[in-house]
Amino acid sequence: RGGARAHSGGNMASTAAGKQRIPKVAKVKNKAPAEVQITAEQLLREAKERELELLPPPPQQKITDVEELNDYKLRKRKTFEDNIRKNRTVISNWIKYAQWEESLKEIQRARSIYERALDVDYRNVTLWLKYAEMEMKNRQVNHARNIWDRAITTLPRVNQFWYKYTYMEEMLGNVAGSRQVFERWMEWQPEEQAWHSYINFELRYKEVDRARSIYERYILFRALAVLVLVHPDVKNWIKYARFEEKHSYFAHARKVYERAVEFFGEEHMDEHLYVAFAKFEENQKEFERVRVIYKYALDRIPKQDAQNLFKNYTIFEKKFGDRRGIEDIIVSKRRFQYEEEVKANPHNYDAWFDYLRLVESDTDAETVREVYERAIANVPPIQEKRHWKRYIYLWINYALYEELEAKASNDKRTRQVYQACLELLPHKKFTFAKMWLLYAQFEIRQKNLPLARRALGTSIGKCPKNKLFKGYIELELQLREFDRCRKLYEKFLEFAPENCTSWIKFAELETILGDIDRARAIYELAISQPRLDMPEVLWKSYIDFEIEQEEYEKTRSLYRRLLQRTQHVKVWISLAQFELSAGQEEQLLRCRQVYEEANKAMRSCEEKEERVMLLESWRSFEDEFGTDATKERINKLMPEKIKKRRKLQAEDGSDAGWEEYYDYIFPEDTANQPNLKLLAMAKLWKKQQQESEAAAMDPDKDIEESQT
């Protein structure tokens, strides 16, 4: 046990000694940067300049005899075979091996290598191409044909094989063989470029009929008596037609375009086909046919897909059309725009108005009616008047168009439009008085007064409105049917007793008719109503009525009755002016008494501005008609204007600062309130104190004043 401990202790000692024997890393004492700094860029540049990385080329070996050549070939073949054995799937090794054998004119060996490579990966396109190119370079035509035949049979979807094969046959002058290859290719229904290559091949040899048949198959390929569409795109039809046009077969070209239009029908219309068709006809100077083609397409293709069509049509009309034709195309374009707008939002009534204005100016009555019917069919979904305000004008414009522009026979259509609109309106919720009045006016123009009265009577019965009453009354006034007017006014005032204008108009009607008592009774009934919308206008009209009748006592009585209801300053001033203009004796005394009474009544008024207004009016009166004593008296009554401050409060009750305002102090109020007099004396004393303090602060000024 002790020996083991000693042994382990020895190991630890040796380990410690070993750790101590590790050399220490020398510490860098001078850590300052070197004077010459070397960057990585500099190192790379120096290596490039000195060409340190370039290896010297291997020495050239000169082969002098056959044995040495055979030995060289053996070594190279062994190297290539070893590379192939390591990785058979790397086709580049096979190609390098075959090209090396080809460089030695060992064609049979190269052919064998290519065949072995094809057994490994027959889908490699490069391998087939290199193999065929080798045979063609060495003029092995049959071998090359064999390789191309195998290639297109194995990989028929690789177009490059077909292109190379047909090109080789054409270069060899074997036109029939090249055509046969093309035919085999077309059976696979390749892409468009392949068909064009076949067509161009036939055209190089002036085989126009063959090219035409290829175009037919290019568009419609027949197999097993079933029509199989290969490339039915519009551009292929256009290319076919241009091919016929290029070779001056204009009838054939037109037939191709017509077949294309029939083939695509109205479900798959394309603007490019019609533009090409129109340009073809334009080149043939068939301008009417061009116009028909454009109009046919514009009527059937949606607007967003016909921008190019519109553009070409406009250019055509500018070149060959007259002013009417240019206007037609512009109108047609705008019409398409409006159609799209109303299709996107049928309740966009402004778009309908613009559309209708366009069709009214350019199309026949049936078309306009059709558009109007489409427009009025878009009834607002909500029965609220604000949503119907624009819509109702569609009906109004429709009715006016039928009456004025279309001149419908017996005006039956116009009447039907008005009646349909009035039946559509929800009269229990709201109505449009304008519509009823327009209908009544239309019937009057047709000299059908009973229908007009019936319409207005129905309107008042279903949905009475102020405007309807006014329109009906105005109609009867023009017809001088005063009894009917009286009845209508009675109905009107039963419906709206607070309407002061109606009372006034009714009274004015009776005044014109000379029935003063009825007019006065109407006014009396009006001012006795508990609620009026404009009572001041009604009272003024009643007072003016009595003044016109020169009933001054009744006028004064009216003023007194009005003053019992309101103490407004304008009423007092109006009464004073009435007394002044009454033209009776003692008019000045009466006017002054009114001002005196008004001044006493206005003392308790909180609105001091109204009292000031009264005193100013009184002073103007005294300046014109008064004596010196009365002028002096009114001047003493005029108030003093002073500036004051008051505290403001915000909505939440907090302080919002101070506000300055003007107040009026009337001498009569000052005499009655001793506090105001005491305040004035205090202000005077304060002013004297300030003057005495200023004199004490400036003794020189006092000396100067004493010397003076």
Which FRET efficiency, nearest 0.05, do residue 467 and residue 570 yield, Cβ-Cβ r, R0 41 Å?
-> 0.85
On full extension of the chain, what length is gained from residue 518 through residue 451, given 0.36 nm per residue of separation minus the C-alpha to C-alpha distance?
-> 21.0 nm
Using mean Cβ contacts within 10 Å as the protection proxy, how do 487-493, 652-658, 511-517 order, highest first?
-> 487-493, 511-517, 652-658
Average Cα contact separation per residue, the stretch 66-318, under 8 Å, 6 or more apart, as relative contact order % | 7 percent
Once label points are set 7 Å from the Cα along Cα→Cβ at both residue 81 and residue 487, what is their separation, rounded to one decimal in nm?
-> 13.2 nm
Descending accessible area (1.4 Å probe), largest on the left, turns 443, 536, 282, 508 into 536, 508, 282, 443
Using a 1.4 Å probe and ignoring any ligands, DNA or RNA, find the accessible area of residue 320 and quote it in Å² to the nearest 10.
-> 80 Å²
Leaving ligands, DNA and RNA out of it, report the carbon-plus-sulfur percent of the accessible area of the stretch 98-189 at a 1.4 Å probe.
-> 45 percent
Give the calculated FRET efficiency between residue 73 and residue 163 to the nearest 0.05, with a Förster radius of 30 Å applied to their Cβ-Cβ distance.
-> 0.25
Nitroxide proxy distance, nm - points 7 Å out along Cα→Cβ at residue 308 and residue 623 | 8.6 nm
Given the protein chains as shown and a 1.4 Å probe, how many square angstrom of residue 540 are accessible, to the nearest 10?
-> 120 Å²
Among the lysines, which have Cα under 17 Å from the Cα of residue 235 when same-chain residues fewer than 8 positions away are ignored?
-> 246, 255, 279
With x for Gly and Pro, the residue-by-residue ³J(HN,Hα) of the stretch 275-288, computed from phi through the Karplus equation 6.51 cos²θ - 1.76 cosθ + 1.60 at θ = phi - 60° and given in whole Hz, is 5, 5, 4, 5, 5, 4, 5, 5, 5, 8, 6, 9, 5, 5
Looking at this model, which pairs from 343/462; 434/505; 540/644; 295/385; 76/137 are more than 32 angstrom apart at the alpha-carbon?
-> 343/462; 540/644; 295/385
Sequence-distant or interchain residues sharing an amide H contact under 5 Å with residue 431, placed H: which?
-> none
Tabulate in residue order the Karplus-calculated ³J(HN,Hα) for the stretch 168-177, using 6.51 cos²θ - 1.76 cosθ + 1.60 with θ = phi - 60°, rounded to whole Hz; enter x for Gly and Pro.
-> 4, 5, 5, 5, 7, x, 8, 5, 5, x
At 0.36 nm per residue, minus the direct Cα-Cα distance, what do residue 315 and residue 693 gain on full extension? Give it in nm, one decimal, please.
-> 126.2 nm
Given a 1.4 Å probe, how much area per residue of the stretch 586-638 is accessible, in Å²?
-> 60 Å²
If packing is taken as the mean number of other Cβ atoms within 10 Å per residue, what is the order of 109-115, 376-382, 201-207, highest first?
-> 109-115, 201-207, 376-382
Using the Karplus curve 6.51 cos²θ - 1.76 cosθ + 1.60 with θ = phi - 60°, work out ³J(HN,Hα) for each residue of the stretch 185-193 in order, rounded to whole Hz, and write x for Gly and Pro.
-> 5, 5, 5, 8, 6, x, 6, 4, 4
Given a Förster distance of 45 angstrom, what is the FRET efficiency for residue 382 paired with residue 655, based on the Cβ-Cβ distance and rounded to 0.05?
-> 0.35
Distance violations [Cα-Cα > 22 Å] among 389/412; 641/686; 554/631 | 389/412; 554/631
Per residue, how much accessible area does the stretch 66-318 have with a 1.4 Å probe, in Å²?
-> 56 Å²
With contacts defined as alpha carbon pairs under 8 Å and 6 or more residues apart, what's the relative contact order of the stretch 586-638 in percent?
-> 30 percent
Tell me, how many Å apart are the Cα centres for the stretch 88-131 and for the stretch 180-196?
-> 29 Å
When all protein chains stay in place, what accessible area (Å², nearest 10, 1.4 Å probe) is found for residue 631?
-> 60 Å²
Sulfur and carbon atoms: percent of accessible area, the stretch 586-638 [1.4 Å] = 44 percent
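The values are calculated or read from the model by the stated rules, or taken from the named source; none is laboratory data. Everything numeric here is computed off the predicted structure, so don't read it as measured data. Note: ideal-geometry Cβ built from the backbone for every residue, glycine included; neighbour counts use all protein chains shown. Just the protein is used for accessible areas: all its heavy atoms, side chains included, with ligands, DNA and RNA removed. Shrake-Rupley method; radii C 1.70, N 1.55, O 1.52, S 1.80 Å.
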